[in-house]
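The values are calculated or read from the model by the stated rules, or taken from the named source; none is laboratory data. Being a predicted model, the structure only gives us computed values, none of them experimental. Neighbour counts are summed over all protein chains in view; Cβ atoms, including those assigned to glycine, are modelled from backbone coordinates with ideal geometry.
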Amino acid sequence: MRDEIRLEAPAKINLALHVLGKRPDGYHDLVTVFHRLNLCDELRLVRTHSPGISIRCPEGGAPEGPENLACRAAAVFFERTGVAPELFIELHKNIPTAAGLGGGSSDAASVLLGLNRLFGERLESESLIELGMDLGADVPFFLWEVAGAVGEGRGDRIRPVSIPEGTYILVNPGFPVSTAWAYASLDQARGNFELTKVQNAPIRQILNHSSFQASALLHNDLEEVTLKRFPVISQIKRTLLNLGCDGALMSGSGPTVFGYFSNRSRAEEAYRTLKRETAFSCFLTRSY
């Protein structure tokens, strides 16, 4: 049995995020379209043969203790399987934290998948997804290891789908946005609202395996509150649209904004312009 495994943990964007209503358990019912991108955190999992779980993040960007979601994922894996917790995690953060890109959830999913491989496939996919659901609503999507999916329920009922090829520019203004704050603010803005049906034809098309334009999907209910508190997000969207993207949207609870380009050359030119003219973090990405 090998003692080490290296993994990539890709970022995600939400091409669509419809918040249908609040559930009795405090979570929200959603319909969302996930898309994995090739901006990745890098992990190294080492079986240490000495008790305990430790983590190191050489460049910072994440806590180095049990509160790190990667450590929590390792802890629940060892608890479920009965394997002795003897692990060192090295985590290189390339995905901005609390940015709407699912970095922590992706790290957790990669740890679950990596440990399952390292220790001989002790858990079936269904058991891994069950563990993932307890760690975070986005974790099950990453456990599927697919480029695109529609998520329903809390976002944890996953149906893999095909997403048209394209190039994406991500722009992160450098401050975190709390997911809990975003949903609580949306609840307050809407008041008591009943579950509604999603009136988004492209989502129906994607579920029916019909052809569609990725830019037609773009919708995020959380923009309703986040853009009001952080106007710079609207400015980033306008900048991307002025640079020729087919559509721009805040991902998840933000603050990262992505621009979708069907034309790669136009995306590369826009990226060069952004790198020259803005101090924000910018990433040129594609499907993973």
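Might you let me know whether segment 88-97 holds any residue that is under 12 Å from the mean Cα position of the chain (by Cα) and not polar (S, T, N, Q)?
Looking for residues that are under 12 Å from the mean Cα position of the chain (by Cα) and not polar (S, T, N, Q), one finds at least one in segment 88-97, hence yes.
Between a first residue in segment 167-193 that is more than 20 Å from residue 260 (Cα to Cα) and a second residue that is surrounded by 13 or more Cβ atoms within 10 Å (Cβ to Cβ) and of a type in the set (Ser, Thr, Tyr), which pairs have beta carbons less than 7 Å apart while being 6 or more apart in sequence or on different chains?
174/281; 176/97; 177/226; 177/253; 179/253; 182/226; 182/253
Quick check on residue 83: is it within 30 Å of residue 183 (Cβ to Cβ) and at pLDDT 95 or above?
So residue 83 fails the test.
Being at pLDDT 95 or above and of a type in the set (Val, Ile, Thr) is the filter here; which residues of segment 159-176 pass it?
Residues satisfying the conditions are 167, 169, 171.
One line per residue, one yes/no per condition, for (1) crowded, with 18+ Cβ neighbours inside 10 Å; (2) modelled with pLDDT under 85:
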residue: 149; (1), (2): yes, no
residue: 157; (1), (2): no, no
residue: 192; (1), (2): no, yes
residue: 202; (1), (2): yes, yes
residue: 233; (1), (2): yes, no
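Looking only at segment 110-142, which residues are aliphatic (A, V, I, L, M), crowded, with 23+ Cβ neighbours inside 10 Å and either under 11 Å from the mean Cα position of the chain (by Cα) or over 20 Å from residue 53 (Cα atoms) (or both)?
Answer for segment 110-142, where residues must be aliphatic (A, V, I, L, M), crowded, with 23+ Cβ neighbours inside 10 Å and either under 11 Å from the mean Cα position of the chain (by Cα) or over 20 Å from residue 53 (Cα atoms) (or both): just 139.
For segment 242-277, enumerate the residues that are within 15 Å of residue 213 (Cβ to Cβ), buried (at least 21 other Cβ atoms within 10 Å of the Cβ) and in contact (Cβ under 8 Å) with a residue 40 or more places away in the chain.
Residues satisfying the conditions are 245, 249, 259, 260, 261.
Strands (runs of 3 or more DSSP E) wholly in segment 132-188 with at least 2 residues that are polar (S, T, N, Q) - which ones?
It comes to 167-172.
Name the single residue that is nearest to the chain's Cα centre (by Cα) among those in segment 9-67 being aliphatic (A, V, I, L, M) and within 30 Å of residue 83 (Cβ to Cβ).
11
Going by the conditions given, is residue 14 of a type outside the set (A, V, I, L, M, F, W, C), more than 27 Å from residue 90 (Cα to Cα), outside any loop (DSSP other than H, G, I, E, B) and at pLDDT 95 or above?
yes
Could you check segment 81-121 and list, in sequence order, the residues that are assigned to a helix (DSSP H, G or I) and either touching a helix residue (DSSP H, G or I) at 6+ places or on another chain (Cβ under 6 Å) or among the basic types (Lys, Arg) (or both)?
Within segment 81-121, 104, 105, 106, 107, 108, 109, 111, 112, 115, 117 qualify.
Just need a number here: residues in segment 9-36 that are among the charged types (D, E, K, R) and surrounded by 14 or more Cβ atoms within 10 Å (Cβ to Cβ).
The qualifying residues number 4.
When both residues are 6+ apart or on different chains and their Cβ atoms are under 9 Å apart, which pairs have a first residue that lies in segment 121-140 and is modelled with pLDDT under 95, and a second that is small (Gly, Ala, Ser) and surrounded by fewer than 19 Cβ atoms within 10 Å (Cβ to Cβ)?
122/82; 137/153
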